[in-house]
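Scroll down for the structure; my scribbles are underneath it.
The values are calculated or read from the model by the stated rules, or taken from the named source; none is laboratory data. The structure displayed is predicted, hence computed values, not measured ones. For neighbour counting, all protein chains shown are included, and Cβ atoms are generated from backbone atoms with ideal geometry for every residue, glycine included. Quick note on the areas: whole protein, heavy atoms, side chains included, nothing else; ligands and nucleic acids left out. Shrake-Rupley method; radii C 1.70, N 1.55, O 1.52, S 1.80 Å.
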Amino acid sequence: MNLELYDDIDLNSEVPELAERDIHKGCHGTIVQLGKEKSLIIFYNPKDVGDYAFAWVENSRLSFISKMDDEMLKEFAERIVEFDPAKKLRFEETNLQEYDAVELIVEKPVYAKCGAHKGMIGTILDPEKIAGGWLVYFADETGADTIGIHVKEKDLKLIHRSE
């Protein structure tokens, strides 16, 4: 099947230059600029929903997955022009995982509004990092995990990794 602009694809082989940027075989993406030999792909970070990276890839290393429906295609085409591929060439690092005990290391109004303050210890209770952050449950004064909020990874420090 011939690839077309905005096709959803998978990377069908490991490419050392991409692996250095944590883009590996099987990574899902969308063609945003179609070329005869190479295409510009926006790859989606499987470890962080909402994170992405751009890369030029030989078309032979791409496998067609699906086409977007018309409504999604229109929205995607309108929004993708706002992105600058040169500014986002790698995925954000992910250093935490589900069940890690973490400390909130900053005081921010958005967290304080929910009752979470600098120095509080919490637990990540969701396997997916979303938009650079985790769902963390903090204990209230009784010790019960009652404050569940989305916290940016950069605002957390690992205290203990659960085995």
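Things to note:
- Interatomic Cα distance distribution for the chain, bins of 5 angstrom, percent: 2, 9, 16, 16, 14, 11, 10, 10, 8, 4, 1, 0, 0
- Cross-link reach list, aspartates and glutamates versus K67, counting only Cα pairs under 14 Å and skipping chain neighbours closer than eight places: E4, D7, D8, D10, E75
- Per residue value of the accessible surface for the chain (all protein chains in place, 1.4 Å probe), Å²: 60
- Whole-number percent relative contact order across segment 1-155, with pairs defined as alpha carbons under 8 Å at least 6 apart: 18
- Sparse-neighbourhood loop sites, trypsin sites (Lys or Arg not before Pro) in segment 47-85 - DSSP loop, at most 12 other Cβ within 10 angstrom: K67
- Sorting the segments 10-23, 124-137 by their mean number of nearby beta carbons within 10 angstrom, highest to lowest, gives 124-137, 10-23.
- Fraction of accessible area attributable to carbon and sulfur, segment 45-86 (%, probe 1.4 Å): 53
- Among the listed pairs K118/K154; K47/K108; K113/K152; K36/K88; K108/K129; K47/K154, those beyond 18 Å (Cα-Cα): K47/K108; K36/K88; K108/K129
- Each residue of segment 116-125 was assigned a 3J(HN,Hα) from its phi angle through the Karplus expression (A = 6.51, B = -1.76, C = 1.60, θ = phi - 60°), giving 9, 10, 3, x, 6, 9, x, 10, 6, 10 Hz with x at Gly and Pro.
- Remark: segment 15-20, residue by residue, has Karplus-estimated 3J(HN,Hα) of 10, x, 5, 7, 4, 5 Hz, where x stands for each Gly or Pro and the curve is 6.51 cos²θ - 1.76 cosθ + 1.60 at θ = phi - 60°.
- Taking the longest Cα principal axis of the chain as reference, the axis of helix 70-80 is set at about 80 degrees.
- Relative intensity of segment 50-137 on a log10 scale, I(q)/I(0) at q = 0.16, 0.17, 0.20, 0.26 Å⁻¹, equals -0.90, -0.94, -1.05, -1.31, per a Debye sum over C-alpha point scatterers of equal strength in the absence of solvent.
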